[in-house]
Amino acid sequence: MDNSSGVGVLDKAASVLGALEAGPATLAQLVAATRLARPTAHRLAVALEHHRLVTRDMQGRFVLGPRLNELATAAGEDRLLAAANPVLTALRDHTGESAQLYRRQGDQRICVAAAERPVGLRDSIPVGATLTMHAGSAAQILLAWEEPDRLHRGLQGAKFTATILSGVRRRGWAQSVSEREVGVASVSAPVRGPSGRIVAAVSISGPVERLSRQPGRLHAGSVVAAANRLTEVLRRSGE
């Protein structure tokens, strides 16, 4: 199938953005993924960076930029965010814990939607908060299904291990206790796009005193059900 639009530079820029959909990439990785000449790939990536369609992570690798989220929101096409608030609110009300939705951006994860627990002890994570990919159940979810080389790089410096991520893939959810922050526990599950790729993580979080040291036993079913509802929204939108 010919995907050419007839505008060569636009097609090449689109191929760079498409390559970055899979995650951070060095210039060499961009060249391999797009089959563009190295100078061309570099020139396009830098130009896209100027327009905030591409940015760089802490290792200097190219990643998708914030302008893409802004455009999606402005166009009203972000079905995931549109569906997230009622799903997270229902999850919060059912579990009694704060609920969040995270997306990965390079070596970080961003809280893009949240339903806070109105009273009592809570783990407050505001929308827009940037958290590490090295700790927490949502980070485990966003890394567990990556390609082996990206997974290996992601584990460097992480507080969880390859064995833990293997268990996450097997059961379909993750839990953490005092991993990101002492005294805080969480449970997370994956949201998949129409292609089956992990695009986000649904989480609940709160004090260990309430969630216990095995929070998955209490709430994994509810968190997985919420994530599956969002996956279904994206599946229908991709039909």
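Phi angles of region 97-103 translate, via the Karplus equation with coefficients 6.51, -1.76, 1.60 and θ = phi - 60°, into HN-Hα couplings of 10, 4, 10, 9, 10, 10, 10 Hz per residue; Gly and Pro are given as x.
Note that the chain presents 51 Å² accessible area per residue, ligands and nucleic acids not counted, probe 1.4 Å. Each of T161, G6, P215 was placed along the dipole of the chain (beta-carbon charges, centred on the mean Cα), and the one lying farthest toward the positive end is T161.
Placing +1 on each Lys and Arg Cβ and -1 on each Asp and Glu Cβ, with no other charges, gives region 76-234 a dipole about its Cα centre of roughly 320 debye.
With K and R counted +1 and D and E -1, the other residues having a Cβ less than 11 Å from that of G18 yield a net charge of -1.
Using 0.36 nm per residue and subtracting the Cα-Cα separation, the extra length available between W145 and V208 on full extension is 20.0 nm. With Cα atoms as the point set, region 6-70 shows a radius of gyration and Dmax of 10.6, 36 Å. The length gained by stretching the chain between T132 and R171 to full extension, at 0.36 nm per residue less their Cα-Cα distance, is 11.7 nm. Assuming 0.890 mPa s and 25 °C, estimate D for the chain with Stokes-Einstein, Rh taken as the Kirkwood radius over Cα pairs, in µm²/s. Reported coefficient: 132 µm²/s. Under a model in which nothing but the beta-carbon of Lys, Arg (+1) and Asp, Glu (-1) is charged, region 6-70 shows a dipole of about 200 debye around its Cα centre. Computed 3J(HN,Hα) for region 162-176, one whole-Hz value per residue from the Karplus formula 6.51 cos²θ - 1.76 cosθ + 1.60 where θ = phi - 60°, is 4, 5, 4, 5, 4, x, 4, 5, 5, 9, x, 7, 10, 9, 8, glycine and proline marked x. Phi angles across region 48-54 convert, under the Karplus curve 6.51 cos²θ - 1.76 cosθ + 1.60 with θ = phi - 60°, into 3J(HN,Hα) values of 5, 5, 4, 8, 6, 7, 9 Hz, Gly and Pro given as x.
The values are calculated or read from the model by the stated rules, or taken from the named source; none is laboratory data. Note that the coordinates shown come from a computational prediction; the quantities given were computed from them, not determined experimentally. Heads up, the Cβs are rebuilt from the backbone with ideal geometry, glycines too, and the neighbour counts pull from every protein chain shown. The protein model used for the area step is the full one, side chains on, heavy atoms only, and it has no ligands, DNA or RNA in it. Shrake-Rupley method; radii C 1.70, N 1.55, O 1.52, S 1.80 Å.
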